[in-house]
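> Quick one: the structure is below, questions incoming.
Derivation of every value follows stated rules applied to the coordinates shown; laboratory data play no part. None of the values given here were measured: they were computed from a predicted structure. Neighbour counts run over all protein chains shown; Cβ positions are idealised from the backbone, glycine included.
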Amino acid sequence: MTSLASLRRLFFNNDDLSPYSENKGATQNSIKAYVDTAVSVLSGTLGTGSNQEVVYDAITIATYGEDYPLEQTTGNRMGARQGRHVWENFDTDYNHCKVRLYTGGDGPNMDSGNIYEGGPFTDIAALYSWANNLIPNNGSSIIGHTRIEVYDIVSDVPQIQKVYGYNNLYCACAGSGNSRTGNVKTASEGGSFLWDMFTALTTYFRDEEGLINNITTGATLQAENPLNRRVFWLPSNKKNIYALPITDNSSIKLSSSLPIPPRRWWNENSNTSRDQNNTTDVTGHTILSKCYITYYNASDTWILRNNYDFWLARDDNLGNSDSSTIVVYIVKNYNNANEFGFYIKPLGVDRIMFEWIDTNLYNIEALAMNSDRQPWLKRVVLANDIQPRDFFGDRTIARRDGILFNDSINSMRTAGSLKPRYYKFRLRRKSDNKVGPLTSASLVPVIRTRGARVKWIVK
């Protein structure tokens, strides 16, 4: 039985030398050591301290009797799952990593033979040239089993502290200031964009879905009162920006505490709008339908997709395209069938911002983790179409297509059918190729969500 003195030593002095817990492999001494180690692992170091290794994969590149010298296709052919991905992307993403070569072994377990350290190599051709000079051979064939490990060393490189995600189209609607605060209520005016979008939406919901009777244009909306942009409703709490509206089946509940300025209802018969009322406009308003609007950043164009084109909207939002997508719900007033409004939600994020990073000293890298916890590496391509200094201060910014692995899910499926669970980020110091710990925040794919199907969020 544990003595009172032992308990006092454990909880107050924290110097007990016996293992606190062995559950799930935890064998740290004392509560403090246990907690420190847990925090270190959660911070994304993939180890418990500095100078830990991150091994991307071990790849068999030759077995006994393989033709010598090795050709560059050998590792690709023999690699499986992530190993093939490492081989195929070595020149672009793994050519700053360390390499460990095991040669002359009796089998895959490498019970005998030699171990060599090398790298970084500028490309896979340089890697093969190095390996061929070290692999035991008789002039025409390989002697023994040969394996390569590709890895990095986590050292004293700083950790990225901040990871922000935002949707470029949603920011255009809300205004960059409002899109980051908790008091977003209505859309802001951004040139003629909102007025054009209003025309497209009213035309669609009349001609395609038959949900409204009259078509009104953005010019009509703007001429009546510029404040009519408040017909476009946005989330009132930043925690709900990427969630669905608060609904009861097919209806939406509005708060009885009116925002300042309040939302507005558009009357399709009178072509006028009015402010939300805090007594009659609170609950039970019907969500009739929704559609998607995707903005293509490179061409500065946008397209409206109907409710049944969610696969196209998914492709716009999920993959390697430089695009932004929002969901627009049409809401009918419970007390007045002639009044409606549009509720706007961003369909995930397409921009990632970090704190300002000196790119003369560091590169930013993304690591994707799968269900088997095998890390995949990619160099993050930073955006060149956004100023580093914006409303939020000095930030380093990347587009979604500069982070994801090709079309992401499809690419993962071709290499072992493993979907990415999350992406984390880190710095690589250019002077010595050492890497830092991963970010605590992650870029996460949310799949098969109601109304969104697939979206990326930062959490």
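> Can you put ILE303, ILE352 in order of Cβ neighbours within 10 angstrom, beginning with the fewest?
ILE303, ILE352
> Right, next: How many angstrom lie between the C-alpha centres of the range 212-226 and the range 326-383?
Each part reduced to its Cα centre gives a spacing of 31 Å.
> Can you pick out the pairs among LYS345/LYS378; LYS98/LYS424; LYS378/LYS459; LYS378/LYS434; LYS290/LYS332 whose Cα atoms lie more than 23 Å from each other?
Beyond 23 Å between Cα atoms: LYS345/LYS378.
> Return the FRET efficiency for the residue pair TYR334, VAL55: r is the Cβ-Cβ distance, R0 is 51 Å, and the value is rounded to the nearest 0.05. Walk me through the numbers on the way to the answer.
On the way: r = 59 Å, r/R0 = 1.16.
After rounding, the FRET efficiency stands at 0.30.
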